[in-house]
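Novice: Structure incoming, see below.
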Amino acid sequence: MAATIEPESDFSALPDPGEGVFTAPLKRPAHVGEDWLEPAQTDYSAEDDKIWDELFARQMEILPGRACTAFMQGLDKLDLGRGGVPDFGRLSEELGRQTGWSVVPVPMLIPDHVFFWHLANRRFPAGNFIRTRETFDYIQEPDVFHDVFGHVPMLTDPVFADYMQAYGRAGWKAMRYNRLKALGALYWYTVEFGLIREADGLRIYGAGILSGPREAVFALEGESPNRIMLAVDRVMRTDYVIDDLQPTYFVIESFEDLYHQTVERDFDQLYRNLGPGFTYANAAVLDIDNLLHRGTQEYHLRGGRGSGAAPV
Ligand SMILES: [Fe+2]
């Protein structure tokens, strides 16, 4: 039997997404190269360090008993509460010893193909800047608090660390099929907004929830959102909200399960059958779903962010 030829097996060089692949038109700042890496991490002011410390303290009021075990252990392993914005060099040394990852500074959101390339090589690009007091509660662009507090502790978990690399490598195929949106939905519903079932109940592993003040309680305990067991194909066909709480959260059994669902899925077949947009609305509940909680959607039906609706 002929072996299946994997066109993508070398992830060492920055990929070229090609002319026809639809990506966000991000303009590269003049001081960074094609890898989008900052030459060095910013020198943070005393006020920047204070903002980090206050954000850290606020999250620690909310997260114990809600964040997953791997995240809480990761915070400890990396000593992220030692005070001030963490130094990426020191973080990378510690992470390198644990799972072979490093943290590298970038100026802003970076293009998909550059992001995939860094992940595929176990480098996590983290926003260099920190939010100001004016944007203390919510910023759309990921800053160093979101990226380092939210994402980096999870990279101390060996299986999750492998999942992140596998995700980056999956980017090559998504580019070849021009289906970046579908792969983006997988990232969104796992790495950013994922829940996991632990022995004591549901817990959070998604950085978008872990790094903000409002969503932890809503995601786990709210009546509004759906909570559905994750199936990779289903998630990759599902639209998502980028500037408000999610109408639906997807739950995994374990990081092993997430890893296997992703690396064992034949994305060629999936992409061939997939249209260019999303099939399912973000609040949809389907007959095929393994549903844990059918949400009332009260929060979104009352108007969501900006309407004054309570996140219930
Ligand atoms: Fe993020």
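Novice: Can you tell me which of 274-283, 188-197 comes out highest on packing, and rank the rest after it, using the mean Cβ neighbours within 10 Å?
Specialist: Details: 274-283: 14.3, 188-197: 23.8.
Going by the mean number of other Cβ atoms within 10 Å, highest first, we get 188-197, 274-283.
Novice: Any chance you could list P(r) for the range 71-112, counting all Cα-Cα pairs in 10 angstrom bins from zero, rounded to whole %?
Specialist: Binned Cα distances yield the sequence 26, 50, 23, 1.
Novice: Moving to a separate point now. Which order do the peptides 219-228, 92-101, 19-28 take when ranked by the mean count of other beta-carbon atoms within 10 Å per residue, highest first? All intermediate terms of the calculation are to be shown ahead of the outcome.
Specialist: Working: 219-228: 20.6, 92-101: 16.3, 19-28: 9.8.
Sorting 219-228, 92-101, 19-28 by mean packing, highest first, produces 219-228, 92-101, 19-28.
Novice: Which GluC sites (Glu not before Pro) in the range 47-92 sit in a loop by DSSP (not H, G, I, E or B) and have at most 15 other Cβ atoms within 10 Å of their own Cβ? Each step should come with its number before you reach the end.
Specialist: Details: sites: Glu47, Glu54, Glu61; in loops: none.
Answer in residue order: no site qualifies.
Novice: Could you tell me, in Å, what Rg and Dmax come out for the Cα atoms of the chain?
Specialist: Looking at the chain, its Cα Rg and Dmax stand at 19.0, 64 Å.
Novice: Turning to a different aspect of this structure: Mind ordering 288-301, 139-152 by average Cβ neighbours within 10 Å, highest first?
Specialist: Highest mean packing first, the order is 139-152, 288-301.
Novice: Over the range 31-121, what portion of Cα pair distances is larger than 14 Å, expressed as a whole percent?
Specialist: Numbers: 2988 of 4095 pairs.
Taking all Cα-Cα pairs of the range 31-121, the fraction more than 14 Å apart is 73 percent.
Novice: How many angstrom lie between the C-alpha centres of the range 93-169 and the range 198-240?
Specialist: The distance from the Cα centre of the range 93-169 to that of the range 198-240 comes to 19 Å.
Novice: In the neighborhood of Thr279, defined by Cβ-to-Cβ distances under 12 Å, what is the net charge if each Lys or Arg adds +1 and each Asp or Glu adds -1?
Specialist: +1
Novice: Follow-up. Do any of Lys77/Lys181; Lys50/Lys77; Lys50/Lys173 go past 31 Å between their Cα atoms, and which? Walk me through the numbers before you get to the answer.
Specialist: Working: Lys77/Lys181 34 Å; Lys50/Lys77 22 Å; Lys50/Lys173 42 Å.
Among Lys77/Lys181; Lys50/Lys77; Lys50/Lys173, the Cα-Cα distance tops 31 Å for Lys77/Lys181; Lys50/Lys173.
Novice: Within the set of other residues whose C-beta is less than 10 Å from the C-beta of Leu14, count the net charge using Lys and Arg as +1 and Asp and Glu as -1.
Specialist: Details: positive: none; negative: Asp16, Glu34, Asp35.
That sum, taken over residues with Cβ under 10 Å, equals -3.
Novice: Considering only DSSP beta bridges whose two residues both sit in the range 46-301, what percent are antiparallel, to the nearest 5?
Specialist: Working: 6 of 19 bridges.
Around 30 percent antiparallel, to the nearest 5.
Novice: Still on this model: Along the charge dipole of the chain, which of Gly65, Ala185, Gly171 sits closest to the positive end, that is, farthest toward it, with unit charges on the beta carbon of Lys, Arg, Asp and Glu (+1, +1, -1, -1)?
Specialist: Among Gly65, Ala185, Gly171, the one farthest towards the positive end of the dipole of the chain is Ala185.
Novice: Below 12 angstrom from the Cβ of Leu258, what's the summed charge of the other residues (Lys, Arg +1; Asp, Glu -1)? Don't jump to the answer; show the numbers that get you there.
Specialist: Details: positive: Arg197, Arg265; negative: Asp157, Asp162, Glu253, Glu256, Asp257, Glu264.
Once positives and negatives cancel, what remains is -4.
Each value in this text was obtained by applying a stated rule to the coordinates, not by laboratory testing. Treat the numbers as computed from the prediction; the structure is a model and nothing was measured. So basically every Cβ, Gly included, is an ideal-geometry build from the backbone, and we count neighbours across all protein chains shown.
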